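Let me begin by presenting the structure, written as structure tokens, before commenting on it.
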Amino acid sequence: MIDADEMPELPDPFDIAPVRLTVDLSALAENWRDMAKRSGSARTAAVVKADAYGLGLEDCGTTLYEAGARDFFVAVVQEGVTLRAYAPDARIFVLSGIWPGQERMFFENDLVPVIASEEQLAFWMGVIAELGDYPCALQVDTGFNRLGLPLQDALALAEDVSRPASFSPVLVLSHLHSGDAPSAPSNKAQLESFRQVSAAFEGIESSLSASAGIFLGPDYHFDLTRPGIALYGGEAVGGMKPLRPVATAAARIVQIREAAAGGTVSYGATYQLARPSRLAIASVGYADGYLRSLSGSGVPLRAGGTAGGYGYVAGHRVPVVGRVTMDLTIFDVTDVPEGAVNAGDYVELFGPNIPVDDVARAAGTIGYEMLTGLGLRHERRYLEAE
Ligand SMILES: *Cc1c(COP(=O)(O)O)cnc(C)c1O
């Protein structure tokens, strides 16, 4: 029999976590204030969909509220219900709108549906005819072809004198498809279309810009801006230096192993060691959102190579070698001085030394996907906002 009293105390889960995610809440608050300043005279919302871009709705929502955000956007109603506890008197918009059966969730949590299609509009008119006045927002499509009423239908709705008096939109919005490419002519075209919408719904607030659009200048700000990725330290505009990094992911090194020249690494033996090497086996894999496409440089995944991912440990950038596996990834630490990196150390996956967007580029994706795909095994720690 093992005597439990003889065993060591349970450690702080973060101290022994296979993968760690550290979220710097003061950087998040500072990034929101930065975007608010850039938004000029427009009010600045906070987009917190997908669990605040994977970083935690409770802590991020609370921090953004305390920083001063009073308008929030979520993607689906359940996110709005969760957020309500942390943003008591804020306006919470639900971007995917409302479905039959969700009425109570909206009304009891004071959530504002963003009506995004003719079908939703017809349903909504029925709801308010029965239940009375309740705010909504209207999304208008100006070229994205994702969500939103067609432009002409929206303009007609604005002029429709026969629409019910209880129909009371508080916001009209649209979304740029190429805001991250400042020279794209479509930005101006979408701006012109949205100006018509904004004018037609005179007296109702309007909103066009997500993070990227805010950088296009005051013409794009209207009454309310909707930054997301920039708050979390991701690149809003391709190649532009992001605001302060917010998220740091790190994986525990399970073992350091010496491997002979000529040996191969990981599944499929796709990588052959050219020299005697020291390898760090880290506790992170594609089940943690460390994408398989981050496998070593030139390593075929099925067909075709990749740029190859890398980590950061003991002051060195260390490349991934061989394929990323479900729970483990192999970094080549041969160039790190012997003894400087040991089992139990943590290798940074992204954070202050490796911008999340650089990792994303190596994986053939974007920072948004890295952050929202982090998976369930990350032990989170929040550095409190001051
Ligand atoms: C996700 C989203 C945003 C935020 O976009 P970022 O690029 O993360 O700033 C704003 N508006 C809408 C409609 C969105 O779907």
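The values are calculated or read from the model by the stated rules, or taken from the named source; none is laboratory data. As the structure is a computational prediction, the values presented were derived from the model and not from experiment. In this analysis, Cβ positions are derived from the backbone assuming ideal geometry, glycine residues included, and neighbour counts consider all displayed protein chains.
For the range 227-239, the condition holds for no residue, the condition being that it is farther than 21 Å from Gly308 by Cβ, crowded, with 18+ Cβ neighbours inside 10 Å and among the charged types (D, E, K, R). Looking at Ser178, Ser193, just one residue is modelled with pLDDT of 95 or more, within 16 Å of the ligand (Cβ to nearest atom) and part of a loop (DSSP other than H, G, I, E, B), and that residue is Ser178. Quick one: would you say Ser206 is crowded, with 19+ Cβ neighbours inside 10 Å, within 16 Å of the ligand (Cβ to nearest atom) and more than 22 Å from the chain's Cα centre (by Cα)? Spelling it out, Ser206 is indeed crowded, with 19+ Cβ neighbours inside 10 Å, within 16 Å of the ligand (Cβ to nearest atom) and more than 22 Å from the chain's Cα centre (by Cα).
Residues in the range 117-156 that are closer than 20 Å to Ser96 by Cα and of a type in the set (A, V, I, L, M): Leu121, Ala122, Met125, Val127, Ile128, Ala137, Leu138, Val140, Leu147, Leu149, Leu151, Ala154. Within the range 170-192, the set of residues being surrounded by fewer than 19 Cβ atoms within 10 Å (Cβ to Cβ) and touching a residue at least 12 places away in the same chain (Cβ under 8 Å) comprises Val170, His177, Ala181, Pro182, Ser186, Ala189.
In the range 337-367, the residue that is modelled with the lowest pLDDT out of those that are surrounded by 20 or more Cβ atoms within 10 Å (Cβ to Cβ), assigned to a loop (DSSP other than H, G, I, E, B) and under 24 Å from the mean Cα position of the chain (by Cα) is Ala363.
Scanning the range 189-213 for residues that are under 26 Å from Leu231 (Cβ atoms) and out of contact with any helix residue (DSSP H, G or I) (no Cβ under 7 Å at 6 or more places or on another chain) turns up Gln190, Phe194, Ser198, Ile204, Glu205, Ser207, Ala210, Ala212. Note on the range 1-29: residues that are part of a helix (DSSP H, G or I) and surrounded by fewer than 17 Cβ atoms within 10 Å (Cβ to Cβ) amount to 8. All but one of (1) more than 28 Å from the chain's Cα centre (by Cα); (2) of a type in the set (A, V, I, L, M, F, W, C); (3) within 12 Å of the ligand (Cβ to nearest atom) hold for Leu157; which doesn't? All conditions are met except number (3). Is at least one residue of the range 7-21 in contact with a His (Cβ under 7 Å, 6 or more places away or on another chain) and either acidic (Asp, Glu) or within 16 Å of the ligand (Cβ to nearest atom) (or both)? No, the range 7-21 has no match at all.
So which of Ala199, Ala249 ends up being touching a strand residue (DSSP E or B) at 6+ places or on another chain (Cβ under 7 Å) and at pLDDT 95 or above? That would be Ala249, the only listed residue that is touching a strand residue (DSSP E or B) at 6+ places or on another chain (Cβ under 7 Å) and at pLDDT 95 or above.
Any residue at all in the range 297-319 that is within 26 Å of Ala274 (Cα to Cα), more than 16 Å from the ligand (Cβ to nearest atom), among the β-branched types (Val, Ile, Thr) and assigned to a loop (DSSP other than H, G, I, E, B)? Yes, some residue in the range 297-319 is within 26 Å of Ala274 (Cα to Cα), more than 16 Å from the ligand (Cβ to nearest atom), among the β-branched types (Val, Ile, Thr) and assigned to a loop (DSSP other than H, G, I, E, B).
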